[in-house]
Amino acid sequence: MAILRILTYAFVILDVVWLHTSGWYHGYADPIWYQPLVMGQWLHLPAASVLLVESLKWGTVLAALIALTGRLPRAAGGLVAVGWIWYQYIAFAYGKVDHDRGDFVVALLLLPTLGQAYWRDRRLSEAAGFVLRAVQLAAIATYFLSAWAKVRFGGWEWVNSATMVRAVVRRGTPWMKWLLDVPWLLQATQWGLFIAEMASPLIFFVPERVRRWMVYGWFAFHTLTYASITIAFWPHLVMMLAFLPLEEYADRLAARFSRARRPAERAA
């Protein structure tokens, strides 16, 4: 959990400053373009202003930097959750709502409940297990509900028509344009993606070894998607790490680093 928490708060900074910055310039938009989402209606959130977006942006970055250190995990984590979610809300209240951030919202809301956690901490924790399982469920729901939405709103023509052809024409990278000459492959990809998303809940019923390879497979899929049409679900990819034994990877990395240092120390 300590490793996942660090990766999560590091991504918050990267996202706010570089990846998803539309909330920033919405502060300059005429309030007439503001259409409150459900959350805004419930909480009576105001239209964006320059002061509001700047406060949310840099306040979130500051809180994330504190949370990265592991200090004040509840207070700093709570401020990150409020700041980042509100900043994302501003971005989406003036346009489309991306579906790659639901699981990240779950993580930010639940991480502050853990309290202290350290890199070498091997204590068992029901609270940590709850957070991990909640993030995992939300991450898989992103896939499953995405597939359901495809046929709910687009109908079966989503998988039977030229959906991917349109995506490649509109956003395709130069090295993937050749796919337009093989339309049957793009249509097969549509069916493959739909089946994979519908079958994603199986990850909870397979052995650990298979589960890891399923996660690696999803990462490979997202890599290929980004290489093809420059679409990436960045926060969702961070959340998929909740399925992996991050502590094992950290121990292996530390061991390799230790072995690499020994020859240099002997030479010195």
Review point. Of (1) buried (at least 16 other Cβ atoms within 10 Å of the Cβ); (2) not in a helix (DSSP H, G or I), Pro46 satisfies all except one. Which?
Key: (1)
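Just for the range 192-212: of the residues that are aromatic (Phe, Trp, Tyr) and surrounded by 12 or more Cβ atoms within 10 Å (Cβ to Cβ), which one is farthest from Val151 (Cα to Cα)? Before the answer, list the steps.
Let us first name the residues in the range 192-212 that are aromatic (Phe, Trp, Tyr), namely 194, 204-205.
Filter again for surrounded by 12 or more Cβ atoms within 10 Å (Cβ to Cβ), leaving 194, 204.
Working: Phe194: 9, Phe204: 24 Å.
By that ranking, first place goes to Phe204.
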Point to revise | Subset of the range 26-66 that is hydrophobic (A, V, I, L, M, F, W, C), at pLDDT 90 or above and more than 23 Å from the chain's Cα centre (by Cα) - its residue that is farthest from Ile13 (Cα to Cα) | key: Trp42
Exercise for review: Would you be able to say whether some residue in the range 129-145 is in a helix (DSSP H, G or I), without any contact (Cβ under 8 Å) to a residue 24 or more places away in the chain, over 25 Å from Thr60 (Cβ atoms) and of a type in the set (Val, Ile, Thr)?
Suggested key: no
Check your understanding: If you take the residues of the range 67-83 that are surrounded by 16 or more Cβ atoms within 10 Å (Cβ to Cβ), modelled with pLDDT under 95 and of a type in the set (A, V, I, L, M, F, W, C), which of them is nearest to Gln41 (Cα to Cα)?
Key -> Ala76
Review point. Met164 versus (1) touching a residue at least 40 places away in the same chain (Cβ under 8 Å); (2) in a helix (DSSP H, G or I): which is the lone unmet condition?
Key: (1)
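On the given criteria, is Leu179 in contact (Cβ under 8 Å) with a residue 60 or more places away in the chain and more than 21 Å from Leu237 (Cβ to Cβ)?
On the way: in contact (Cβ under 8 Å) with a residue 60 or more places away in the chain: no; more than 21 Å from Leu237 (Cβ to Cβ): yes.
Here the answer is no, as Leu179 does not meet what is asked.
Condition test on Ala232, is it out of contact with any Phe, Trp or Tyr (no Cβ under 6 Å at 6 or more places or on another chain) and either among the small types (Gly, Ala, Ser) or surrounded by 12 or more Cβ atoms within 10 Å (Cβ to Cβ) (or both)?
Working: out of contact with any Phe, Trp or Tyr (no Cβ under 6 Å at 6 or more places or on another chain): no; either among the small types (Gly, Ala, Ser) or surrounded by 12 or more Cβ atoms within 10 Å (Cβ to Cβ) (or both): yes.
Spelling it out, it is not the case that Ala232 is out of contact with any Phe, Trp or Tyr (no Cβ under 6 Å at 6 or more places or on another chain) and either among the small types (Gly, Ala, Ser) or surrounded by 12 or more Cβ atoms within 10 Å (Cβ to Cβ) (or both).
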Check your understanding: Just wondering, is there one or more residues in the range 20-36 that are within 30 Å of Ser125 (Cβ to Cβ) and among the hydrophobic types (A, V, I, L, M, F, W, C)?
Key -> no
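The values are calculated or read from the model by the stated rules, or taken from the named source; none is laboratory data. This structure is a prediction, so every number in the text was calculated from the model and none was measured. No Cβ is skipped: glycine too gets one built from the backbone with ideal geometry, and neighbour counts run over all protein chains shown.
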